[in-house]
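> Mind looking over this structure? Questions follow.
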Amino acid sequence: MEQVKLTVALIIAVLLQWTLRNIAEPLVYVDFVLIVVVYAALQRNSLRAILFGTFSGLAVDALSGGLLGANGFTKTLIAYIVSEIARRVYMDNLLLRIPVIAGACFLDNILFYGMHRLLGQDMSGDLWINISYALIGTTVVGTAIYIFFDSFLSEKASNRKRDMFPARRHSRRRNPIRLGK
Amino acid sequence: MVERSQKEVWRLTPWLVLVLLLGNFILMAFSAKDITSGQRLIRVWGLTVADFVQSPVATISSGVTNYFRSIANLRSAQDENTDLKQKVEELQLELKAKEGLTAENERLKNLLDLKDQSKYKVLTARIIGRDPSLWFDSAVINQGSLNGVKLNMPVVANGGLVGRVTAVSPLTAQIDLLTRDKSGVGAVIGQVGTSNALGVVMGTSKNGLLEMKYVPGTTDVQVGQSVFTTGQDGIYPAGLKVGDIFDAKSYGSSQPYQILIQPAASLDSIQEVGVLLYEPPPTVPFDQKVSTPTKEKKK
């Protein structure tokens with residue numbers, strides 16, 4: 001069930017990435033796809049995370065003016081790195097996830113820029129200004145999205161809900177024949 | 001059993017990552033090779049799929065934006081009304097003077113037997129999407145190959161050049177905006193044929209401004225002069241307005257100018273564009289133009 005929810009979240013993230021810049025230009029600095037990929041990687045399922053990274057990256061590349069596969073490359077690598085870190089270090093605390101999403105965003109942009117420069121492509125915008133804005137936008141929105149995901153998506157949340165609203169226990173009706181005994 | 005399968009997954013993952021990274025890298029390498037010439041199939045598919053999402057979102061968002069804008073506009077309508085009434089009176093006077101000039105113009109045209117004809121057909125299109133990556137300036141329009149749009153067709157808005165078509169799907173097309181560094185436009189300061197201040201206009205990272213390179217320092221360049229396409233780049237027709245000179249720095253007659261241009265069309269806020277149904281004359285590939293001396297000798 002969690003897998004289905006995360007897949008739906010990833011599809012929504014790709015659609016948002018495709019459309020939001022047309023509504024408001026500053027929203028381009030929020031990498032919704034990276035936020036969901038990092039969240040998936042933090043769930044310690046590295047296989048799912050890297051597949052998420054590859055396919056969502058390619059979906060963004062398909063509509064971007066950049067090199068096809070550039071986002072696929074960076075997001076796959078980041079998903080793997082984050083999932084490996086999450087396997088070794090306990091990262092269920094929200095405060096620990098903030099530096100992770102910030103670091104992932106920084107690495108994603110540096111790798112993306114580096115791969116394009118390596119293959120002789122020019123890019124618009126100043127490297128450090130773009131990275132700074134992306135870092136702020138993605139970290140702030142990412143943190144808010146993680147709070148939302150933790151409340152609605154994770155198993156922990158459903159366990160908590162089960163604890164708060166336990167199913168009513170029906171007492172077993174005693175056998176009236178044996179009542180006298 | 002579960003533990004073992006988990007270990008297998010962990011052992012498998014690095015290999016899968018390597019394969020995926022290699023696959024993506026190969027895609028990038030191919031993409032870098034043919035990014036200027038052909039278009040990639042996956043991009044065409046992406047554009048087609050995205051159209052079903054982007055078109056409704058663009059319609060709804062522009063409707064909501066226009067609604068709030070109209071409310072905001074009502075506030076200043078009273079003052080504007082007074083100003084406009086005054087301007088109408090002034091313009092009426094000007095119009096009467098110009099009517100005479102138009103009639104004279106027509107008469108002279110008839111005398112010279114000239115006919116008004118528009119050079120290119122223009123296809124109106126709406127921008128339904130922008131580049132999802134912050135590193136590039138491209139846009140998606142709601143006209144595609146079914147409407148006659150082809151690769152490298154020029155795109156204009158508000159009387160100025162916006163960019164060119166870089167990918168076409170049946171329903172949509174992707175355009176690269178001029179502000180993108182890679183796009184180079186052959187341009188001239190002043191009208192084509194009357195000026196020798198030729199150069200190449202390229203995108204910069206400075207607030208949507210363009211940069212004109214290779215303009216010789218010996219030419220006279222003034223801030224505010226208009227820049228037009230020369231048609232020598234083999235993509236854009238001659239005579240399209242690129243923009244006006246915003247800043248020009250001279251480093252002596254031996255070095256080229258450093259010129260910044262304000263684009264004629266406001267590239268950040270365009271909603272509607274026109275695609276010029278113009279196809280440049282076919283060019284002969286370089287290797288066919290130059291015959292090798294060895295072959296000539298043999299003949």
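The values are calculated or read from the model by the stated rules, or taken from the named source; none is laboratory data. These numbers were taken from a predicted model, which means no experiment stands behind them. Reconstructed Cβ throughout: ideal geometry from the backbone, glycine too, with neighbour counts over all protein chains shown.
> Using beta carbons and a limit of 8 Å, which pairs, at least six apart or on different chains, have the first residue in the stretch B:5-24 and more than 7 Å from every other protein chain (Cβ to nearest Cβ) and under 16 Å from A:Ala79 (Cβ atoms) and the second one hydrophobic (A, V, I, L, M, F, W, C) and part of a helix (DSSP H, G or I)?
Short answer, once both residue conditions are applied: B:Leu12/A:Leu47.
> Let me ask you something else. Of everything in the stretch A:116-156 that's assigned to a loop (DSSP other than H, G, I, E, B) and of a type in the set (D, E, K, R), which residue is modelled with the highest pLDDT?
Result: A:Asp126.
> Which residue is farthest from the chain's Cα centre (by Cα), if the candidates are limited to the stretch A:32-75 and must be more than 9 Å from chain B (Cβ to nearest Cβ) and part of a loop (DSSP other than H, G, I, E, B)?
Within the stretch A:32-75, the match that is farthest from the chain's Cα centre (by Cα) is A:Arg44.
> With respect to B:Thr166, is the statement that it is hydroxyl-bearing (Ser, Thr, Tyr) and facing chain A (nearest Cβ under 8 Å) true?
For B:Thr166, the condition - hydroxyl-bearing (Ser, Thr, Tyr) and facing chain A (nearest Cβ under 8 Å) - is met.
> What number of residues within the stretch B:60-78 satisfy the criterion of being at pLDDT 80 or above and within 11 Å of chain A (Cβ to nearest Cβ)?
2
> Given the options A:Tyr90, A:Tyr80, name the one that is in a helix (DSSP H, G or I) and hydroxyl-bearing (Ser, Thr, Tyr).
A:Tyr80
> Among all residue pairs at least 6 apart or on different chains, which show Cβ distances below 7 Å where the first residue, located in the stretch B:127-140, is more than 7 Å from chain A (Cβ to nearest Cβ) and the second is assigned to a strand (DSSP E or B) and charged (D, E, K, R)?
If the second residue must be assigned to a strand (DSSP E or B) and charged (D, E, K, R), the pairs left are B:Ala139/B:Arg130.
> Can you tell me which of B:Pro154, B:Pro132 is under 28 Å from A:Ile131 (Cα atoms) and either in contact with a Phe, Trp or Tyr (Cβ under 6 Å, 6 or more places away or on another chain) or surrounded by fewer than 20 Cβ atoms within 10 Å (Cβ to Cβ) (or both)?
Only one candidate qualifies: B:Pro132.
> For the stretch B:135-148, give me each residue that is surrounded by fewer than 23 Cβ atoms within 10 Å (Cβ to Cβ) and hydrophobic (A, V, I, L, M, F, W, C).
Selection gives B:Leu146 alone.
> Right, B:Leu101: away from every other protein chain (no Cβ under 14 Å) and at pLDDT 85 or above or not?
No.
> Something else about it: Any idea which residue in the stretch A:114-140 is farthest from the chain's Cα centre (by Cα), counting only those that are under 18 Å from B:Pro132 (Cβ atoms) and more than 7 Å from every other protein chain (Cβ to nearest Cβ)?
Checking each candidate, the answer is A:His116.
> Have a look at B:Ser195, B:Ser253 and point out the one that is surrounded by 15 or more Cβ atoms within 10 Å (Cβ to Cβ) and without any contact (Cβ under 8 Å) to a residue 40 or more places away in the chain.
Result: B:Ser195 is the single residue among B:Ser195, B:Ser253 that is surrounded by 15 or more Cβ atoms within 10 Å (Cβ to Cβ) and without any contact (Cβ under 8 Å) to a residue 40 or more places away in the chain.
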